[in-house]
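The values are calculated or read from the model by the stated rules, or taken from the named source; none is laboratory data. As the structure is a prediction and not an experimental result, all values here were calculated from the model. Neighbour counts run over all protein chains shown; Cβ positions are idealised from the backbone, glycine included. For accessibility, only protein heavy atoms count, side chains too; no ligands or nucleic acids. Shrake-Rupley method; radii C 1.70, N 1.55, O 1.52, S 1.80 Å.
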Amino acid sequence: GAGVSQSPSNKVTEKGKDVELRCDPISGHTALYWYRQRLGQGLEFLIYFQGNSAPDKSGLPSDRFSAERTGESVSTLTIQRTQQEDSAVYLCASSLALAGGYNEQFFGPGTRLTVL
Amino acid sequence: AQSVTQLGSHVSVSEGALVLLRCNYSSSVPPYLFWYVQYPNQGLQLLLKYTTGATLVKGINGFEAEFKKSETSFHLTKPSAHMSDAAEYFCAVCEDTGRRALTFGSGTRLQVQP
């Protein structure tokens, strides 16, 4: 497809369960970001991947959160032992390589996670 | 560290009236500034951005914003609101270093009254 895709679009889970969210970036985009949007708030940065470099995990809120990316393709965000405060929309964005200046981040539609 | 403040979580205007959505930022280095729009049940869409050059930037759908360094502001305006402008608007900043992750404001929901 032409844009960033994410799956599932909605996920309802029980407290304590693990969940895995998927992001397919735009082909050729080496930079990939995960953000979280809690109800009524702006987006919070979670993690950043750039090519084969070590990811920048500085935004992850706890060690229950982890993410992987295979090369320059799909990324998965995993939340272990989910808590109710994890309920949010999780957004993925991708951009071209960072070589000075700014490359626009293109956002996916998000995954709405509800933890009961 | 950078931060973004959007004054007013909800703004209501009449159709045809001026739209003014306020954004102030703090950044330790010259920033890049953005406005994104989020329509109901849709993803984020870039409205406009300031990186370098002219401080008055024009975006899609008739919106524009002016970067005022002395006021650390990047307010979004549109001369005449349309019903289709009803959405949530987010101001964001990123620094031209490192990962260039975006820091977002908390958003302003724009309502347009007929």
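So the values come out like this:
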{"read-out": "Chain B - Cys residues lacking any other Cys C-beta under 4.7 Å", "value": "B:Cys94"}
{"read-out": "Alpha-carbon centroids, segment B:60-87 and segment A:1-73: separation in whole Å", "value": "29"}
{"read-out": "Spin-label pair B:Leu18/A:Asp63, simplified geometry with 7 Å Cα→Cβ offset, distance in nm", "value": "5.5"}
{"read-out": "Cβ-based charge dipole, chain B, positive-most Cα from B:Tyr36, B:Thr51, B:Leu110", "value": "B:Thr51"}
{"read-out": "Over 20 Å [Cα-Cα, chain A], rounded percent", "value": "36"}
{"read-out": "Relative contact order (%) - criterion: Cα under 8 Å, at least six apart; region: chain B", "value": "38"}
{"read-out": "Listed residues A:Ser73, A:Ser94, A:Ser53, most fluctuating in chain A (Gaussian network, C-alpha, under 10 Å)", "value": "A:Ser53"}
{"read-out": "Å² per residue, accessible surface of chain A at 1.4 Å", "value": "47"}
{"read-out": "Shape box of chain B [Cα atoms, principal axes, largest first, Å]", "value": "44, 28, 22"}
{"read-out": "Ratio of the Cα radius of gyration of the protein assembly as shown to 2.2 N^0.38 Å, where N counts its residues", "value": "1.02"}
{"read-out": "Computed over segment A:42-109: relative contact order in percent, which uses C-alpha pairs under 8 Å that are six or more apart", "value": "19"}
{"read-out": "Projected label distance in nm at B:Lys69 and B:Met83, using a 7 Å step from Cα toward the beta-carbon", "value": "4.4"}
{"read-out": "Fully extended contour minus Cα-Cα distance, from A:Thr78 to A:Ala97, at 0.36 nm per residue", "value": "4.4 nm"}
{"read-out": "Partners for B:Lys49 among lysines (Cα-Cα distance below 18 Å; same-chain residues under 8 apart left out)", "value": "B:Lys58, B:Lys68, B:Lys69, B:Lys78"}
